[in-house]
1. Residues in the stretch 96-116 that are within 20 Å of K51 (Cα to Cα) and crowded, with 16+ Cβ neighbours inside 10 Å: how many?
2. Out of the strands (runs of 3 or more DSSP E) lying entirely within the stretch 40-135, which hold 1 or more residues that are among the hydrophobic types (A, V, I, L, M, F, W, C) and modelled with pLDDT of 95 or more?
3. So, in the stretch 89-130, of the ones that are among the β-branched types (V, I, T), in contact (Cβ under 8 Å) with a residue 60 or more places away in the chain and in contact with a Leu (Cβ under 9 Å, 6 or more places away or on another chain), which residue ends up farthest from V47 (Cα to Cα)?
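The values are calculated or read from the model by the stated rules, or taken from the named source; none is laboratory data. In this text the structure is predicted, and so the values were computed from the model without any measurement. Methodologically, a virtual Cβ is constructed for each residue, glycine included, from the backbone with ideal geometry; neighbour enumeration extends over all protein chains shown. Heads up: the accessible areas ignore ligands, DNA and RNA and are worked out on the full protein's heavy atoms, side chains in. Shrake-Rupley method; radii C 1.70, N 1.55, O 1.52, S 1.80 Å.
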Amino acid sequence: MTTSTTAAIPCLLLLATLTIAAAEIGHPQAPAAATGAVGCRTEIRDVGKNKLVQSLGRFAVSEHNRRLSHGGGPVNNGDPVQVQLVFIAVAAAQKQVASGVVYYLKVIARDRAGGGGDRPFDAVVVVKAWIKSKELVSLMPSPK
């Protein structure tokens, strides 16, 4: 190892120790990962203006419709939403950092055939940005 690499290792160890110590005492500038945000759901504010959240809601409805049309995926395995939907908006959202980012969306949609008005659905979408992947895990009628 070179001298600069050898000197960097103790600095990194000190930084890691201070980060853990700050998280344990609840220091307000502790990184989110050290304070337990990894694995915890957090609210996403201003979802109406959040382009990413709205695009994920649109993706959830589009993917549901694709699965329904092609007879594949969880739609034929007990999915209670057996109609094509039209995306209206995402009304609320939470995210959770796990193996990727899990988005819990309250999607407002309506039956494409025109039966009924706008209805809420709970959608779960997993995004793994490093492999450019989005997956609809579920889309279910919302109880509220």
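1. Residues flagged as within 20 Å of K51 (Cα to Cα) and crowded, with 16+ Cβ neighbours inside 10 Å within the stretch 96-116 amount to 10.
2. Qualifying strands (runs of 3 or more DSSP E): 85-98, 100-111, 119-128.
3. V127
Conditions (1) in contact with a Ser or Thr (Cβ under 7 Å, 6 or more places away or on another chain); (2) open to solvent by less than 60 Å² (accessible area, probe 1.4 Å), marked per residue:
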residue	(1), (2)
L56	no, yes
F59	no, yes
Q82	no, no
Q94	yes, yes
D118	no, no
K134	no, no
